[in-house]
Amino acid sequence: MSDRARQFMPFAALKGYMDLIAEKERVKVPKRELAEDEAQVLSDKISQIKKGIIITAVHYSDGEYISTEGMVSAVDFTFRTVTIVKTKIEFDNIVSLSLG
């Protein structure tokens, strides 16, 4: 019976083709630069980040803006990165940040 089921399994002649098509359909958004006052407010919020607090960060990644929410597991002011759970985000890619 299991041999019979195997013959009706879907067959993909070009492995990864559908993933490639989905990637091509995605519209990439250009990264925008922050105004001087927006950058100052964001810088003040970034300086308040501490390990263990919950934050929500909207950041630029792979041609789109993503909102990531979670507990800060690491902050590195030397390399200018914050890690939310397991997602490492560069300070330069953050557009908005909400603490707590």
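The values are calculated or read from the model by the stated rules, or taken from the named source; none is laboratory data. All values derive from a computational prediction rather than experimental measurement. Note that each Cβ is placed from the backbone with ideal geometry, even for glycine, and that neighbours are counted across all protein chains shown.
Here is how the numbers come out for the structure above:
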{"read-out": "Identity of the residue in the stretch 23-41, among the hydrophobic types (A, V, I, L, M, F, W, C), assigned to a loop (DSSP other than H, G, I, E, B) and without any contact (Cβ under 8 Å) to a residue 60 or more places away in the chain, that ends up nearest to residue 97 (Cα to Cα)", "value": "35"}
{"read-out": "Whichever residue in the stretch 41-100 is charged (D, E, K, R) and on the phi > 0 side of the Ramachandran plot and, among such residues, is surrounded by the most Cβ atoms within 10 Å (Cβ to Cβ)", "value": "80"}
{"read-out": "Residue within the stretch 3-18 that is surrounded by fewer than 10 Cβ atoms within 10 Å (Cβ to Cβ), assigned to a loop (DSSP other than H, G, I, E, B), out of contact with any Phe, Trp or Tyr (no Cβ under 8 Å at 6 or more places or on another chain) and modelled with pLDDT of 90 or more present", "value": "no"}
{"read-out": "Answer residue from the stretch 19-40, given it is exposed (fewer than 10 other Cβ atoms within 10 Å of the Cβ) and of a type in the set (Gly, Ala, Ser) and is farthest from the chain's Cα centre (by Cα) among those", "value": "35"}
